[in-house]
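Take a look at the structure below.
The values are calculated or read from the model by the stated rules, or taken from the named source; none is laboratory data. This structure is a prediction, so every number in the text was calculated from the model and none was measured. Here the Cβ is made from the backbone with ideal geometry for all residues, glycine too, and neighbour counts use every protein chain on show.
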Amino acid sequence: MPQPPAHPPANRASGRTITEQFHAFDARNPHVYRALERMAARRLAAGATRVGLKNLFEDLRRQLPNGVVGLNNNFTALYARRLIAAHPEWATAFELRRRRTA
């Protein structure tokens, strides 16, 4: 069985892990989390039983006139985990996979 990497993968350009990049992006763009939270809540209130974060990302990109600079698709799982942490009742709405790195 292959061993997991000793260190989480880092972005070659910045040297930062995806988690570090996510936290920096999230700190600079708190409106993104709030928008994703509102969008997920609306879909669930309308009767959806599953919500895809990648789909919410695309909707968010279309809604904002200039897009969201730096909104990386690698952040979807981290936003899903953050939404579930804030709203445990939504846990079944998001499909999560086991993380390979921290």
Item to complete: Can you tell me which residue within the stretch 1-43, out of those that are polar (S, T, N, Q) and either part of a helix (DSSP H, G or I) or loosely packed, with under 13 Cβ neighbours inside 10 Å (or both), is modelled with the lowest pLDDT?
Response: GLN3
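Every residue, every condition in (1) of a type in the set (S, T, N, Q); (2) closer than 19 Å to THR17 by Cβ, yes or no:
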| residue | (1), (2) |
| --- | --- |
| ASN29 | yes, yes |
| GLU37 | no, no |
| LEU44 | no, no |
| THR49 | yes, no |
| ARG61 | no, no |
| GLY67 | no, no |
| LEU83 | no, no |
Discussion item. Whether any residue in the stretch 84-102 is basic (Lys, Arg) and surrounded by 14 or more Cβ atoms within 10 Å (Cβ to Cβ) is what I want to check.
Written reply: no
Worksheet item: What number of residues in the stretch 65-86 are part of a loop (DSSP other than H, G, I, E, B), in contact with a helix residue (DSSP H, G or I) (Cβ under 8 Å, 6 or more places away or on another chain) and free of Cβ contacts under 8 Å to residues at least 40 places away in the same chain?
Response: 2
Practice prompt. Please work out which one of (1) surrounded by fewer than 15 Cβ atoms within 10 Å (Cβ to Cβ); (2) modelled with pLDDT under 95 is the condition LEU71 fails and give its number.
Written response: (1)
